[in-house]
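The values are calculated or read from the model by the stated rules, or taken from the named source; none is laboratory data. Just so you know, these numbers come straight off a predicted model, no measurement behind them. Here the Cβ positions follow ideal geometry from the backbone for every residue, glycine too, while neighbour counts run over all protein chains shown.
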Amino acid sequence: TLIIEAGVSQTLAQLQIGMRRWFSMSNHKVKIVLLAKFDGTTILLEKWEEEIPVRPRATTTRHSLQHQEPVLRQAITITRDTTTDPISYHATSGALVLSFRLLFLRDPGHGEGDLTFGVQELEEYAEDVWAQV
């Protein structure tokens with residue numbers, strides 16, 4: 001139910017086209033698409049989920065229940081600061097949170113919950129990415 005699509009050579013717009021394709025081609029069985037765009041100076045993470053759009057004064061129809069739209073739920077930018085020694089990494093917008101219900105298609109049991117990648121984990125991820133380029 002989770003797809004991660006990463007790109008260096010693709011534009012963010014191209015990655016977003018791919019995100020829409022994942023939702024559509026899976027017949028909406030994919031519940032979360034995580035985009036990771038690396039451009040040399042920043043890493044942008046976008047978490048997309050689908051929802052049924054709310055139309056004012058519309059009645060519920062079978063068509064509207066089948067029509068879902070991707071919604072950007074979270075955007076995190078991770079930057080690299082080469083002016084510090086050692087080089088430092090900074091993530092904006094807090095932790096990345098992946099819904100347990102959307103990942104496992106059930107309610108969490110005792111001791112289970114959303115998957116959370118904290119700021120420090122995201123910054124360590126960024127350090128690993130930059131070490132590979």
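Would you check if there is a residue in the range 83-94 being polar (S, T, N, Q) and under 18 Å from Asp39 (Cα atoms)?
Yes: one or more hits.
Looking at the range 29-55 only, could you name the residues that are acidic (Asp, Glu) and at pLDDT below 95?
Scanning the range 29-55 gives Asp39, Glu51.
Any residue in the range 45-57 that is within 22 Å of Gly7 (Cα to Cα) and touching a Ser or Thr at 6+ places or on another chain (Cβ under 9 Å)?
Yes, the conditions are met somewhere in the range 45-57.
So, in the range 70-86, how many residues would count as being at pLDDT 95 or above and either loosely packed, with under 13 Cβ neighbours inside 10 Å or outside any strand (DSSP E or B) (or both)?
2
So which pairs qualify, if the first residue must be in the range 87-106 and part of a helix (DSSP H, G or I), the second must be polar (S, T, N, Q), the Cβ gap must be under 7 Å, and the two must be at least 6 apart or on different chains?
Listed by first residue and then by second, the contacts come to Leu102/Thr1; Leu103/Thr1.
Hey, Leu122 hits all of (1) surrounded by fewer than 16 Cβ atoms within 10 Å (Cβ to Cβ); (2) in a helix (DSSP H, G or I); (3) hydrophobic (A, V, I, L, M, F, W, C); (4) at pLDDT 95 or above but one; which does it fall short on?
All conditions are met except number (1).
Suppose we filter Leu96, Leu102 for residues that are modelled with pLDDT of 95 or more and in contact with a helix residue (DSSP H, G or I) (Cβ under 9 Å, 6 or more places away or on another chain); which single one remains?
When all the criteria are applied, what remains is Leu96.
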